[in-house]
Amino acid sequence: MMGGISRMHLQRQAYVYVRQSTGAQVHQNVESRQRQYALAEHAVKLGWSPGAVQIIDEDQGKSGSSAEGRDGFARLAHDVAHGKVGAIFAIEASRLARSSQDWQRLLSLCAVAHVAVIDEQTVYDPSHRDDKLLLDLKGAMSEQELHWLSLRLAGGRMNKARRGECWVPPPAGYVWEAAA
């Protein structure tokens, strides 16, 4: 980022966005959750007072494929647009949104409001062309990752079906019976 974190950033709130896509991930991926919450400590180390760090974690167990139904993401975007946010912290910047449309909308708001986007490795300035390019690429890759994952899962199911090992529960009202 050109210039790093400024006094203006520090005068506003730091928002830590915590999200895992499914309920199973929330319960099973404890390390990921701990790393995400630890970003609040990272914000303090970068200069924010502990009272100036807001944690948004109400989107736990919700996919980032759409902003719909993610109240935390909506609150984050609203507060960015209203000048309350100095920086957004996320474990990986592209985890904020897996939809290019939502991602671009948030980045545009951040650029206009001079909000830094900070992940474990880097501080990004969405108003700076090079940083915006990197964030755009991360967002595009993140969205494609969902598509590639669904292709791999579908391929695995098809492979099991070819072997005759793909068992699915019958619709309600049907009963499996042994062959006579």
Q. Residue 117 fails exactly one of the following numbered conditions: (1) open to solvent by 90 Å² or more (accessible area, probe 1.4 Å); (2) modelled with pLDDT of 90 or more. What is the number of that condition?
A. (1)
Q: Test each condition in (1) modelled with pLDDT under 95; (2) open to solvent by 50 Å² or more (accessible area, probe 1.4 Å); (3) of a type in the set (Val, Ile, Thr) for residue 56 and report the one that comes out false.
A: (2)
Q) What pairs come up if the first residue lies in region 72-89 and is of a type in the set (Val, Ile, Thr), the second is open to solvent by 40 Å² or more (accessible area, probe 1.4 Å) and modelled with pLDDT under 95, and their beta carbons are under 8 Å apart, counting only those six or more places apart or on different chains? A) 80/109
(Q) For region 93-129, give me the residue count where each residue is free of Cβ contacts under 8 Å to residues at least 24 places away in the same chain and of a type outside the set (A, V, I, L, M). (A) 6
Q. What residue, among those in region 1-11 that are surrounded by fewer than 20 Cβ atoms within 10 Å (Cβ to Cβ) and closer than 15 Å to residue 127 by Cβ, is modelled with the lowest pLDDT?
A. 1
Q.
Testing residue 92 on (1) closer than 24 Å to residue 40 by Cα; (2) open to solvent by 60 Å² or more (accessible area, probe 1.4 Å); (3) not basic (Lys, Arg), one condition comes back false. Which one is that?
A. (2)
(Q) Just to verify a result, which residue in region 66-95, among those that are assigned to a loop (DSSP other than H, G, I, E, B) and modelled with pLDDT of 85 or more, is farthest from residue 50 (Cα to Cα)? (A) 82
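The values are calculated or read from the model by the stated rules, or taken from the named source; none is laboratory data. On a predicted model such as this, the values are computed, not experimentally measured, just so you know. Every residue, glycine as well, gets a Cβ built from its backbone with ideal geometry; the counts of neighbours run over all protein chains shown. Please note that ligands, DNA and RNA were not included when accessible areas were found on the heavy atoms of the full protein model with its side chains. Shrake-Rupley method; radii C 1.70, N 1.55, O 1.52, S 1.80 Å.
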